[in-house]
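Laboratory data are not the source of any read-out in this text; all were calculated from the coordinates shown. Just so it is clear, the model here is predicted, and its values are computed rather than measured. Cβ atoms come from the backbone with ideal geometry, glycine included; neighbour counts cover every protein chain shown.
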Ligand code: SF4
């Protein structure tokens, strides 16, 4: 599974009161979305309110591992990457943590461009330059057959009930520059994507262009992506949406901290 299954000793510090539970913090290139290829510091929080069966950050959701890190220590680690100007706050679901707002405010004060990668179920008022919203489709719901853990333990129902929050989606779209990024497993997802896009457009006052709607192939290894990427690119052409690769998988396959 990608993402770290053990937390670096350098991440944790003693300040658990005001910190964030981090899985990893690293410098790489953005692999997905409109900023693909942009060198960025990734701050990956642990913990998620959903459980996609295909989760590409298993150790932030199904089996979360983390250490708490204070906001100031996170800032120091980000500043240690001298050439970095972009920061990606990702997860898990980073917006389940109220402390994410304090981090985003500090990053804004320091002049960093911030992307927040979110599943779109939670709205927070924070300085965010790009909200990368990935609403989860029916095809993401875990079952006894597809879940990566033995015990789905109620997550099937919780995931299905909570995966779309139209109020939060509308607020996010109206508050921030956004991209809507859908993980596509096959052609049958497109009907639901079209319906969701229509609902989000009806529920917000902001114009959502088709180029803001991204189709991304499901898959966490080169082999899995190879099976799907052409189909998803052809669907993007057919529907007038944008295709996004998973460049980090192409470059580094399944490795943590990429
Ligand atoms: S919403 Fe994202 S982090 Fe949460 S389970 Fe799904 S893919 Fe994983």
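For the reader, a short list of remarks on this structure follows.
- The helix-only estimate of mean residue ellipticity at 222 nm for the chain, built from DSSP H runs of length n ≥ 4 each weighted as -39500 (n - 2.57), is -9000 deg cm²/dmol after division by the residue total.
- Shape of the range 159-258, Cα gyration tensor, a/c cut at 1.5: prolate
- Using a Förster distance of 30 Å, the FRET efficiency for residue 6-residue 80 (Cβ separation, nearest 0.05): 0.90
- FRET efficiency for residue 221 and residue 138, using Cβ-Cβ distance with R0 set to 35 Å, rounded to 0.05: 0.90
- Inter-probe distance in nm under a simple model that places probes 7 Å from Cα toward Cβ, at residue 191 and residue 106: 4.8
- For the range 1-134, the Cα gyration tensor yields ellipsoid semi-axes of 19, 18, 15 Å (square root of five times each eigenvalue, largest first, whole Å).
- The range 32-107 shape via C-alpha gyration tensor axes, a/c threshold 1.5: oblate
- Cα gyration tensor, the range 20-252 - rounded (a/c under 1.5), prolate or oblate: rounded
- Modelled label reach - residue 146, point 7 Å along Cα→Cβ, the range 159-178 residues with backbone N closer than 16 Å: 159-164
- Pairs of Cα atoms nearer than 8 Å and 6+ residues apart set the relative contact order; for the chain it is 20 percent.
- Rounded to the nearest 10 degrees, the angle from helix 189-202 to the longest Cα principal axis of the chain is 70 degrees.
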